[in-house]
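Read the structure below first, then the notes.
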Amino acid sequence: MTTLFPSVGLVTDSTGYLPAESVTRHGIDVVPLVLVADGEQHIEGELPQDQVPGILRRAKKLGTSRPSPADFLLAYRRAAERGCEEVLSVHLSSELSGTVEAAVLAATRSPIPVEVVDSRSIGMAMGFGVLTAAAMVEDGATAAEAGAAARRRAEDATLTFCVESLDYLRKGGRIGGAAAFFGTALAIKPLLGIDDGHIEPVAKVRTSTRAVKEMVDRSVAAAEACGEAGCDIAVHQLDAELRADEVVEALRVRCPEGTPIEVYPLGPVAACHVGPGTTAVVVSPRP
């Protein structure tokens, strides 16, 4: 992998679900997490997306595995070998995974300095932050400067998602404040969000239609609050293509004119905790 601006190497993990063309264009080194289903390991990025729902539904035991410090150390060494003077390493919330911890451990052995950033988020809420950092690095920013911008953009993003069931959150132990929904789970369609790295409840509604409407309403409000700078919007989905199309159409009608809205898959590691049928919307204010 070759980057046009080699002074700062960019490393992230696979849960940003960045488009492959963005990864290639900016020379981003993506270190994968692993889905573990009934003891079988599936490396994120290598597992075909159309196989993910079936694996999640069939598995009696699900989990995920973070990259090892050795995995990150290899990425940092690759950056050094390309001529980079330092590395910016941006990762999903430490409340959801031990990935940041592994990156920090690897940084102590890296041949060049490493700036590790806990995005306090996941998906394109983190991914847009990585892309902002990439643009800054290409303009000559240091790892610390670009890392601060990536962190700010990730923290400023609004991530809302509706799930078909709380069972996957329960099994994965990543429920946060969503535990308040247990006991009424059969009667509601939960709307969830990310708050300072934690999965937290946003609203309780009775039907999927109401959940989608509430998610769209909140996302439109977040987009309108961005003002003249505008925002980027990502719609994540797993085994919910029709619903995602409905969400995109509703957002295009109601969001400020010209707002980019794209659909991104929800990979197996995030999907392990929220399950098939999940739809999510990221509203990321531009810096």
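Around P285, with a cut-off of 14 angstrom between Cβ atoms, what is the net charge of the other residues, counting Lys and Arg +1 and Asp and Glu -1?
Details: positive: R151, R152, R153, R286; negative: E155, D156, E224, E228, D232.
Computed value for this residue: -1.
Using the Kirkwood formula over every pair of different C-alpha atoms, what hydrodynamic radius in Å results for the chain?
Numbers: mean 1/r = 0.0525 Å⁻¹.
Over the chain, the inverse of the mean reciprocal pair distance is 19.0 Å.
Quick one: what are the phi-derived ³J(HN,Hα) couplings along the range 107-116, Karplus 6.51/-1.76/1.60 with θ = phi - 60°, whole Hz, x for glycine and proline?
4, 5, 10, 5, x, 10, x, 10, 9, 9
Considering only Y264, S22, T108, whose Cα is most displaced toward the positive end of the charge dipole of the chain, charges sitting on Cβ of Lys, Arg (+1) and Asp, Glu (-1)?
The listed residue farthest towards the positive side: Y264.
To the nearest 20 debye, what is the magnitude of the charge dipole of the chain about its Cα centre, counting +1 on the Cβ of each Lys and Arg and -1 on the Cβ of each Asp and Glu? If you can, show how the numbers build up before the last one.
On the way: 27 positive and 38 negative charges, 187 e Å.
The dipole magnitude comes to about 900 debye.
Regarding the range 200-287, what whole-number volume in Å³ per residue does the convex hull of its Cα atoms give?
Working: hull volume 9.2 nm³, N = 88.
It is 104 Å³ per residue.
Roughly how many Å is it from the Cα centre of the range 1-71 to that of the range 241-287, as a whole number?
The range 1-71 and the range 241-287 have Cα centres spaced 19 Å from each other.
Springs between alpha-carbon atoms under 10 Å, Gaussian network over the chain: tell me which of P48, P111, P268 tops the mean-square fluctuations.
P48
Comparing T158, T132, T108, which has the greatest mean-square fluctuation in the GNM of the chain with Cα pairs linked when under 10 Å apart?
So, out of T158, T132, T108, the one fluctuating most is T108.
Under a no-solvent Debye model with one identical scatterer per Cα of the range 1-160, what's log10 I(q)/I(0) at q = 0.09 Å⁻¹?
Debye intensities relative to I(0), on a log10 scale: -0.28.
Given the options S68, S165, A144, identify the residue whose Cα lies farthest towards the positive end of the charge dipole of the chain (+1 on Cβ of Lys, Arg; -1 on Cβ of Asp, Glu).
Of the options given, the answer is S165.
Let me confirm the definition first: pairs of Lys residues in the chain, 8 or more apart or on different chains, C-alpha distance under 14 Å. How many are there?
5
Could you work out how far helix 124-138 tilts from the main Cα principal axis of the chain, as a 0 to 90 degree angle to the nearest 10?
That helix lies at roughly 20 degrees to the long axis.
For the chain, find the longest principal axis of its Cα atoms and tell me its angle to the long axis of helix 143-156, 0 to 90°, nearest 10.
In the chain, helix 143-156 runs at an angle near 10 degrees to the longest axis.
Roughly what angle does helix 241-254 make with the longest principal axis of the chain, taking Cα atoms, 0 to 90 degrees, to the nearest 10?
The two axes meet at around 90 degrees.
What is the dipole size for the range 191-276, taken about its Cα centre, with +1 at each Lys and Arg Cβ and -1 at each Asp and Glu Cβ, in debye to the nearest 20? Please report the intermediate quantities before stating the final value.
Details: 8 positive and 15 negative charges, 85 e Å.
Magnitude of the dipole: close to 400 debye.
Tell me the carbon and sulfur percent of the accessible area for the range 20-129, rounded to whole percent, probe radius 1.4 Å. Before the final figure, lay out the partial values.
Values: 2430 of 5000 Å².
Reported share for carbon and sulfur atoms: 48 percent.
Can you compute the helix-only [θ] at 222 nm over the chain? Use -39500 (n - 2.57) per DSSP H run of at least 4 residues, normalise by all residues, nearest 500 deg cm²/dmol.
Working: 10 runs with 109 residues, N = 287.
That calculation yields -11500 deg cm²/dmol at 222 nm.
Using a 10 angstrom Cβ neighbour count of at most 15 plus a DSSP loop assignment to flag exposed GluC sites (Glu not before Pro), which longest range of the chain is free of such sites?
Numbers: sites that count: E46, E85, E257.
With a cap of 15 other Cβ atoms within 10 Å, the longest stretch comes to 86-256.
Work out the charge dipole of the chain with +1 on the Cβ of Lys and Arg and -1 on the Cβ of Asp and Glu about the Cα centre, then indicate which of A80, V205, C255 is farthest towards its positive end.
It is V205.
List the longest stretch of the chain that has no exposed loop site; here a site is one of the trypsin sites (Lys or Arg not before Pro) assigned by DSSP to anything other than H, G, I, E or B, with at most 16 other Cβ within 10 Å. Before the final figure, lay out the partial values.
Details: sites that count: K60, K61, R82, R109, R206.
Counting only loop sites that pass the neighbour cut-off, the longest clear stretch is 110-205.
Among DSSP bridges having both ends in the chain, what percentage is antiparallel? Round to the nearest 5. It would help to have the intermediate numbers written out before the result.
Numbers: 30 of 49 bridges.
Among the beta bridges of the chain, antiparallel pairing accounts for roughly 60 percent.
Over the chain, average the accessible area per residue using a 1.4 Å probe and give it in Å², no decimals.
Values: 12620 Å² over 287 residues.
Per-residue accessible area for the chain comes out at 44 Å².
The values are calculated or read from the model by the stated rules, or taken from the named source; none is laboratory data. Worth saying up front: this structure is predicted, and the values here are computed from it rather than measured. Glycine gets a Cβ as well: all are built from the backbone with ideal geometry, and neighbour counts include every protein chain shown. Surface areas here come from the heavy atoms of the whole protein model, side chains and all, with no ligands, DNA or RNA. Shrake-Rupley method; radii C 1.70, N 1.55, O 1.52, S 1.80 Å.
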